[in-house]
């Protein structure tokens, strides 16, 4: 296969703004502060929004309704200081022969632009009567005379000057702009050329045109990202440096037949996909998604047994020691009927003597399976022939830990497990280079959580329910309100509720407290006490361990529930989904919840599908709800939005798959820019891992 020759990733030759003699040095300095150094930088620095200053007739104006009027200033412009932080700019405006009194609040700096006889457009509304107009924004037509006014992120240059500079720069360099998209896809989606899109984004006075240009720019950004993801996937399959694992089918059948339940259709499919990955000559990179209680663990155990039966070692990495111990116990129980399988537990608290024995067993191959925390991949851990790594709640591990896994020898098979339902839009962005298996069908014996939104007036009924559950020997989670502004306030709030709970349930139950300010070993200790039923009521901020299996916990009470996203509420509800008894979840709001908040809570109350709730959260709250703002920041595109442009992302995903599969990305000149972008990103990714 002939590859396209290397080229740069720029859309036109490099021209420094400092060399453009028509741009004053003071503007060069302003641009430089925003990392705008070249003509290309400037042309691709698109407006952040557009203001529509289309004029309405004063005869159509309605009291207290926003409108835009055009008129001439016919009075002196006066400034009034009403209080220390309150001032007004006042003037008379003649609009279609009608004089109105205009008032601007706290905008004294605009007085210099307003003179007797100036023709301006004012945005705002009439108040009290149709003679008094409060101005929220205005445009002086001598400076900028157009209906659609772009707003740029640089505030030190006026829109009129910015547009003037942009117009000159574009006219001078427009013919140097290359087309970055293949002609096939420009025609397929009726897209503008890049040259036309850039012109319209900056200089058009037509909103419909601007929307078409935005579509072109967003599509290209999403397509480049998706092509890069597909290229990573393609290169992984080409690497051929991961040995095929020829597993023992009979052993897997034996494990399957030993189960006291039938695997669901989704579990069966996930296992088939994983086994096919293990037999391939390239490393598996798969995400296994499934809600709490959907049966991911047995899929992981099947994967581990397949790996070991093929002569390789398997490692199961967990975010906490308590979860590691649970998985270790489950593995030992499930694999007990199988001979010659040696399982070890390695965490930070493993005694030194025992740790040395485990390290020796991993190095000489006498230990087949190891379960533990990130301690599995510290420098002193060497593996004999590591074949598969499984990471439970993989997003909780940092990049460094993932790199350490890769550096333990061959490019091992990597299975990531997550109990967080991730919307498809987010999955094909965050995990674009990853194969995905989803377990949506719940096991037949799994009880649905009875979920209720309860207003504060009926809180007593919830407390009575908790007392009854405690009387029956069950345990309770109490989740305290999230205070986004401060972790300190979160902790103080949780502590106050903890004290109240201790007092209310004195002599009935032991109450524990867990919050984000505790050290990891302190959290582990409290969770272990709750697991052992030494604590009957656990008061917690939303740091309750994902994955920890407390089957005796039958009720979760979420206070200040309106502060959480619906996906998080569903995750919290999952804490009691493993119970053998009927599980309950109660949402209680703070004072005066909004109608929208109540609507969201009622949606969770009636919806058990975590993926549907996840899609809702992405649409209304953005990607930060799933990975936290820091992690989701890496998926914040410059122009496109996962929240608003999901349809366009789906199109880009389909198109990128098509380009790779039909080989045009690698062979046709028209695809050169996309290919070079993908290749460049691949090299950068490899450098980052190294």
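All of the numbers you see were taken from the coordinates with simple rules; none came from a lab. All values derive from a computational prediction rather than experimental measurement. Positions of Cβ are backbone-derived with ideal geometry, glycine not excepted, and every protein chain shown enters the neighbour counts.
What to note about this one:
- In terms of packing, defined here as the mean over residues of other Cβ atoms within 10 angstrom, the peptides 351-362, 304-315 line up highest first as 304-315, 351-362.
- By average C-beta atoms within 10 angstrom, highest first, the peptides 597-603, 655-661, 216-222: 216-222, 655-661, 597-603
- Value of relative contact order over the chain, rounded to a whole percent, pairs C-alpha under 8 Å and six or more apart: 13 percent
- Counting only DSSP beta bridges whose two residues both lie in the chain, roughly 40 percent are antiparallel.
- Euclidean distance between Cα centres, region 430-464 to region 313-361, Å: 30 Å
- In this rough spin-label picture, where each label sits 7 Å from Cα along the Cβ direction, the residue 75-residue 619 distance is 4.9 nm.
- Extension gain, residue 35-residue 609: 0.36 nm per intervening residue step, less the Cα-Cα distance, totals 202.1 nm.
- Relative to one another, the C-alpha centroids of region 106-139 and region 77-99 are positioned 7 Å apart.
- Take the Cβ atoms of residue 364 and residue 436, set R0 to 25 Å, and the FRET efficiency comes out at 0.10.
- Against the chain, whose longest principal axis is taken from its Cα atoms, helix 459-471 shows a tilt of about 10°.
- A rounded overall shape is assigned to region 501-586, the ratio a/c of its alpha-carbon gyration tensor axes (a ≥ b ≥ c) being less than 1.5.
- Based on Cα contacts under 8 Å between residues 6+ apart, region 450-607 shows a relative contact order of 32 percent.
- Label-to-label distance, nm, for residues given as residue 22 and residue 664 (7 Å Cα→Cβ offset): 3.8 nm
- Cα pair distances exceeding 16 angstrom across region 54-140, given as percent: 47 percent
- Part-to-part distance (alpha-carbon centres) for region 577-624 and region 221-252, which is given in Å: 36 Å
- R0 of 25 Å, Cβ-Cβ distance residue 130-residue 110: FRET efficiency to nearest 0.05: 0.60
- Here is how the number arises for the chain: DSSP H runs of 4 or more residues each give -39500 (n - 2.57), the sum is divided by the residue count, and the result at 222 nm is -12500 deg cm²/dmol.
- Tensor-based shape of the chain (alpha-carbon gyration tensor, a/c under 1.5 rounded, otherwise prolate or oblate): oblate
- For region 450-607: rounded, prolate or oblate by the Cα gyration tensor [a/c cutoff 1.5]: rounded
- FRET efficiency, residue 458 to residue 94 (Cβ-Cβ, R0 45 Å, nearest 0.05): 0.15
- For the chain, the longest principal axis of the C-alpha atoms and the axis of helix 265-279 are separated by about 80°.
- Taking label points 7 Å from Cα along the Cα-to-Cβ direction, residue 63 and residue 352 give a separation of 8.5 nm.
- For residue 206 and residue 643, the difference between the fully extended length at 0.36 nm per residue and the C-alpha to C-alpha distance is 154.8 nm.
- Cα long-axis angle, helix 159-173 against the chain (0 to 90 degrees, to the nearest 10): 80 degrees
- Using 0.36 nm per residue and subtracting the Cα-Cα separation, the extra length available between residue 241 and residue 657 on full extension is 147.4 nm.
- Beta bridges by DSSP in region 450-607, antiparallel share as percent, to the nearest 5: 0 percent
- Among 243-251, 72-80, the order from most to least packed when residues are scored by Cβ within 10 Å on average: 243-251, 72-80
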